[in-house]
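Down below is the structure, laid out as structure tokens.
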Amino acid sequence: MTHKEWTAILAWPGYLVYRHELDEEAKTLKLWVRRKPVHRGFECSGCGRRLHQVHDVREREIRDLPWSVYRATVVVEVHRLRCPECGVSGGKDRATAVQGAVQQAIRRDRGEACESAAASQVARRFHLPETTVRAIDLRYLERWNQHRRKPA
């Protein structure tokens, strides 16, 4: 598959896949993504000033939802900016918003899996410790309880 096809499958607005690794034996998929080039610059997370100079770029790994039998990981480039007022800080990057949405989808997926299976089975399925799965299940149930209709 081409990088353009992986970008379309990932469907993260404003990002493009520039590298991918598919290991069929280990059943893992790893995608490297970066922001699409824009000329508006970056926004400082401290003061909101529009900046055009990047101090450095780091990579952050995000576990994504499993794709069929493959465990997926997305590596996102995160920019740090040098602001005259705030110094070096992370910019208001969409990567953190995307990461939050992905993590929320993962928690929902794990929580729904716990509805129909034991925590030990879900842990094996998603390659996670049982204690982590139990904690996810508990938070999922607490959120469900907050939003369900309660009798009058």
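Taking all protein chains into account, the per residue accessible area for the chain stands at 66 Å² (1.4 Å probe). Each principal axis of the Cα cloud of the chain was taken in turn, and the coordinate range along them, longest first, works out to 51, 49, 25 Å. Spin-label model, residue 70/residue 124: points 7 Å from Cα along the beta carbon direction are separated by 2.5 nm. Across the chain, the longest run free of exposed loop sites, meaning GluC sites (Glu not before Pro) lying outside DSSP classes H, G, I, E and B with no more than 10 other Cβ atoms within 10 Å, spans 86-152. Protein heavy-atom surface of the chain, 1.4 angstrom probe: 49% of the accessible area is carbon and sulfur, with nucleic acids and ligands not counted. If the Kirkwood radius is taken over C-alpha pairs of the range 102-144, then at 20 °C and 1.002 mPa s the Stokes-Einstein diffusion coefficient equals 216 µm²/s.
For the chain, the list of Cys residues with no other Cys C-beta under 4.7 Å reads 47, 114.
The values are calculated or read from the model by the stated rules, or taken from the named source; none is laboratory data. What you see is a predicted model, and the numbers here were worked out from it, not measured in a lab. Here Cβ is always computed from backbone atoms with ideal geometry, including for glycine, and neighbour counts include all displayed protein chains. Note: areas computed on protein heavy atoms with side chains; ligands, DNA, RNA excluded. Shrake-Rupley method; radii C 1.70, N 1.55, O 1.52, S 1.80 Å.
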